Each structure stands twice: as structure tokens, then as C-alpha cells.
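K.L.:
A single structure is presented below for examination.
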Amino acid sequence: MSGASVFRPAHPVRDADPALPAIPTALVEVDVVRQWRDGVPGAVPVFDGESGPELAAAAEQFDVDAAVLEAVGASASAGAVRALPLRTGGLGWVVGVGSGEPVKWRSAGGALARAVRERLNDVAESEDETGDLGEASDADYLQVKLPADVDGEIVSALTLGLALGGYRFRVSRGPVPPRLRKVLLVAPEGADVAALGEQVRRARELASATSLARDLANTPSNVKDPAWLTGLAAELAADVPDLTATVRDEKWLADHGFGGILAVGGGSSRPPRLLELAYRPKDAAGPHLVLVGKGITFDTGGISIKPAEGMHLMRTDMSGGGAVIAALLTIARLGLPVKVTGLVPSAENHVSGSAYRPGDVVRHYGGTTTEVGNTDAEGRMVLADAIAYAVDKLEPDVLVDVATLTGAMKVALGLRTGGLFASDEELAEQVRAAGERVGEAWWRMPLVEDHAEAVKGELADVKQTPTGPGGITAALFLREFTAGLPWAHLDIAGPARADKDYNEVVPGGTGFAARSLVELAAGFAKG
């Protein structure tokens, strides 16, 4: 398996465990229409007004008094959703959007999707198969009334919320649970339905990237090993125009000197892989963007073993790699005119007699040597190999790596913001702005030069775990392999996982960073 690993037409990787949910997860369809439809369950937004929630629009649409909406607890708080039994039968929803900024609409869409999902579950479990959602044929449909001042940002944010807020991933022998299948966004009179529809279609592609990244992160590690992760990516890439996948096995890695990946994967019975996804559109212009994602499919910490508490979450330690895979597929599906390569070094970090040790000296691709201080700092070891390979073989103009790399970033920024390190001011702003446009928050962190000397090794060229602030020194370690190219390091250790619902996020892998990477590439495509 030293060349391309693309499987046609069957899906042996996806079908390896028939109990797994279908990957990619099916998302709700969203269309923009001109007219409200009788008999289809509907939702109407509620805004904050000077004297409280503005209920008039919802009252008129549902033909009820505002007092009725007040009685059911209708609120303008973003994401507050209340169900309303209608005189005509069926159910209506009022959903708060606060003052109406895009993030409020994203929150509203996510909360509405979850509320409808719960209602569908209740209906499925009840003896009355028609339930409260109207006719059975309409049970998985919903329409949402858009405001008079609707614009592309609003429909994009709402679409992201609706598509991702009802996401779920569960391995079960039971039947596939009911889901919301289609949402109609009812445009106001005079709106440009075609333009709004285009915004919806693009937002849904971004949602698909996030959803796939979630699927990959949530897949349990007894199924998801390096061969599965890279093989599935190759399968998915096979049908996407201008995108090719190559999967390299442990023999190829050994023959070409990928000591970091081999060291980290050496303790597992399931050997490492390197995935390369190459998107080469004929109309490509601008810089060659190389994205590198950490693909650790399970991380015990190795000999420097992790505490048992929380170790089960290490199935998501390949979230950076998942984001890169999802981003490349989406960039190619969107047909962006920019050259992009994705690299995902993938390994399992296990404890065994063949595991690498603290005190080892590892030789990376290209010859740089690293003195190992802690086998649980494995992410930087595999990223270093991939970055060095990119510099040597791919002629990149811009490098971006993304990884669940350090607990220090969770402490510094919490669980909803990614850490952004960059060697180039313009690139740092491009990443931050891309995230802002697609609803992902990044905070610029410093590459403090006072700590650069600590990265220098004693037994080797560099130290894996230098003294100093952990997030910063990890970034400085990776910088050693970038050859001075414009480079950004995205540490997503905090926002890659969630333990509760918020906005469009649900518990489990969040898919964080996938949308930012797509939007970053789109920015380069525009020049």
C-alpha cells in the first residue's frame, strides 16, 4: 500500500462495522422559498424590543393573541424555543433571536433543530403515529419565517444552526431515529430568493465539513485506527473532481525516514499511515496552501501514560486531522480555484514493549533530531514529520497545521476558542477573519522569542518538551520545521470537544476548525 489507496465502488472501510451510523451523517436540506405553506409545521423568530419580546409577527402568523405566546413562555433570548399547539392542529414554534446578529441566528437554528428532534423522538415513541407535528408526511419538514431585513449573513448563520444543531452520532442496534429532513426558509416579499439560496447552499457545504469532522472524531477507536481513518478519507475523495488521495504505509514511512510518525505509532499493533490529499483544479491561482492535521486515532499517552479519567475522550485526538480531511473534501466540492494539499499523519500512541521512551532521540523526515521528554507530547512528533515533508516535497507557499495539541490552550482559552500562533501577521489575520465569518473563534497567541532557546536540544537538535509555557513552546518546536515559510499553528485542544449543547454545537466531537480552513482557502482563491 505504498501508493494511492482509493477504493471503488464498494465501501469496505465504511462497512467495516455495520453498527456504525452512516458516514457522512445526512444533514437537513434547506431551501429558500417565497410562500408560507399551510399544513407544514412552522417557526417564527422573536426579536428583542424596547419593552420586551416583539411577539406581533408570531401572533399574526399563528393566528393567536400575543397573550397566548406570553403564556407559553415565548422569549426573545437567543436560542429560546417554545412549542405552540395551533387551532388548526399541528404545532408551531417561536424561537428567540435576541437583537438579531448572525451568531444569535446560529444559536436559534441550533436550538430549534434540537427541539424538533426531541419532538420527533417523542412522536416516534408514542402510540399516536401522527403526533403533534401535523400530517405524518410533513412530520420531518419545517418552515421558518425570515425577517423583512434578511440578508446573506442571517440565512448562512441560520442554516449552520439548523444543519448542525440536530446532529447526533450513536452506535446502536436500534432503528435509525427520526430526524428533521427539510427546512424551508420563507423569504419576505421582494427578497432576492436566488441570492439567499446561494448563501444557503454554501453554508450547508460548510456544515457538511463540520459534520464529517464530527463523524470522524466520534467514531470509536476500536473501529477507527490509522488504516480506517486514512482509508475512509481516500474513499470519500475518490468521487470528488480534481481531488486525489494517497495513503502511505509503515514500510514507506520507514523507507523515507518518517521517524516521528513511526516512533509514536511503534507501540501499537495497528501501524501508522500518512494521508496526502491533493486538490489540483485546472483554474488554480494564488498560493499553494498546505494543511497539516494531527491524526492520532487514540492516545494513551504512551509510557508517559495519561490518567484514566478522561482517557476515553482520546478517540477525538485526531480532530485536527479530521478537520483537514473534511476541509479538503469541501474545498474540492466547492470548486475553489486554489491549489491545496492536506497531510494527515496518523498513528495510535500506545503502551507496549515497542513503544518509544522518554530520553529517546528520534530522527524526523529530513534529518532533524528530537530529544523525547514525554511520550504524551506525541502530536508534535507526527506533525514535525509532515511539515518537514511538505517543505521538502510540496513547495508550499503557506503552511497551516491544526491539532488538539496542548492542555495549556484549554487552560488559557477555555473550551470554545482556538489558539492561533503565526509567523506571519497577514496570515494570522486571515485565519482570524475566516473563523469570524464562519462562526469559529480564534485568539492570537504570542510566539515569545524568549522561549525559543529552550527548544534547542542537548542530546539532539531540538527538545520535544522544552521548559516554559506549554502552548507557546509547542508552537516554537513546530516552527523549527517550517523553514521560515508563512505558517500558522492552530491549537484546538479546547474547542474540539464539547460536553453540552451551545449554539450549533452538541456534545462530542465538534468539528471545530473545518469551516475556518475552508473559508481560509476561499479567501486565497479570491486573491
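The values are calculated or read from the model by the stated rules, or taken from the named source; none is laboratory data. Treat the numbers as computed from the prediction; the structure is a model and nothing was measured. All Cβ positions, even for glycine, are placed from backbone atoms using ideal geometry, and neighbour counts span all protein chains on display. The protein model used for the area step is the full one, side chains on, heavy atoms only, and it has no ligands, DNA or RNA in it. Shrake-Rupley method; radii C 1.70, N 1.55, O 1.52, S 1.80 Å.
K.L.:
Starting from segment 375-395, take each residue that is free of Cβ contacts under 8 Å to residues at least 60 places away in the same chain and list its partners that are open to solvent by 10 Å² or more (accessible area, probe 1.4 Å), counting only C-beta distances under 9 angstrom and pairs at least six apart or across chains.
P.N.:
Asp392/Tyr365; Asp392/Gly366; Asp392/Ala483
K.L.:
Within the bounds of segment 425-438, is there any residue that is under 12 Å from Ala488 (Cα atoms) and of a type in the set (Gly, Ala, Ser)?
P.N.:
yes
K.L.:
Might you let me know whether segment 439-448 holds any residue that is at negative phi, at pLDDT 95 or above and more than 25 Å from the chain's Cα centre (by Cα)?
P.N.:
Yes - at least one qualifying residue is present in segment 439-448.
K.L.:
Would you call Val44 part of a strand (DSSP E or B) and either modelled with pLDDT of 90 or more or open to solvent by 50 Å² or more (accessible area, probe 1.4 Å) (or both)?
P.N.:
It is true that Val44 is part of a strand (DSSP E or B) and either modelled with pLDDT of 90 or more or open to solvent by 50 Å² or more (accessible area, probe 1.4 Å) (or both).
K.L.:
Name every residue in segment 47-94 that is at positive phi and assigned to a loop (DSSP other than H, G, I, E, B), in order of residue number.
P.N.:
Once the filter is applied, which keeps residues that are at positive phi and assigned to a loop (DSSP other than H, G, I, E, B), segment 47-94 yields Asp63, Gly73, Gly79, Gly89, Gly90.
K.L.:
Enumerate the pairs (first residue in segment 319-348 and touching a residue at least 24 places away in the same chain (Cβ under 8 Å); second residue anywhere and crowded, with 24+ Cβ neighbours inside 10 Å and of a type in the set (Lys, Arg)) with beta-carbon separation below 6 Å, excluding pairs fewer than 6 apart on the same chain, so at least 6 apart or on different chains.
P.N.:
Final answer for the pair search is Gly320/Lys294; Gly321/Lys294; Ser346/Arg273.
K.L.:
Report, ordered by the first and then the second residue, all pairs with beta carbons closer than 9 Å, sequence separation of six or more or different chains, a first member in segment 177-193 that is in contact (Cβ under 8 Å) with a residue 12 or more places away in the chain, and a second member that is among the aromatic types (Phe, Trp, Tyr).
P.N.:
Leu180/Tyr141; Arg181/Tyr141; Lys182/Tyr141; Val183/Tyr141; Leu184/Trp36; Leu184/Tyr141; Val186/Trp36
K.L.:
Continuing with the same structure: Quickly run through segment 453-472 and pick out the residues that are open to solvent by less than 20 Å² (accessible area, probe 1.4 Å) and more than 17 Å from Ala412 (Cβ to Cβ).
P.N.:
Selection gives Val455, Ala460, Val462, Gln464, Pro466.
K.L.:
Here is a follow-up. Exactly one of (1) over 26 Å from the mean Cα position of the chain (by Cα); (2) open to solvent by less than 10 Å² (accessible area, probe 1.4 Å); (3) among the polar types (S, T, N, Q) is unmet by Ser346. Its number?
P.N.:
(1)
K.L.:
From the residues in segment 373-420 that are farther than 30 Å from Val351 by Cβ and not aliphatic (A, V, I, L, M), which one is surrounded by the most Cβ atoms within 10 Å (Cβ to Cβ)?
P.N.:
So the residue we want is Pro396.
K.L.:
Please pick out the residue among Asp138, Asp149, Asp192, Asp132 that is in contact with a strand residue (DSSP E or B) (Cβ under 6 Å, 6 or more places away or on another chain) and either at pLDDT below 95 or surrounded by fewer than 20 Cβ atoms within 10 Å (Cβ to Cβ) (or both).
P.N.:
Sole residue among the options that is in contact with a strand residue (DSSP E or B) (Cβ under 6 Å, 6 or more places away or on another chain) and either at pLDDT below 95 or surrounded by fewer than 20 Cβ atoms within 10 Å (Cβ to Cβ) (or both): Asp132.
K.L.:
Can you tell me which of Ser75, Ser107 is free of Cβ contacts under 8 Å to residues at least 40 places away in the same chain, of a type outside the set (A, V, I, L, M) and open to solvent by less than 60 Å² (accessible area, probe 1.4 Å)?
P.N.:
Exactly one residue qualifies, and that residue is Ser75.
K.L.:
Looking only at segment 180-194, which residues are outside any strand (DSSP E or B) and within 26 Å of the chain's Cα centre (by Cα)?
P.N.:
The answer is Leu180, Arg181.
K.L.:
I need a count of the residues in segment 85-103 that are out of contact with any Asp or Glu (no Cβ under 7 Å at 6 or more places or on another chain) and either at pLDDT 90 or above or among the acidic types (Asp, Glu) (or both).
P.N.:
Number of matching residues: 9.
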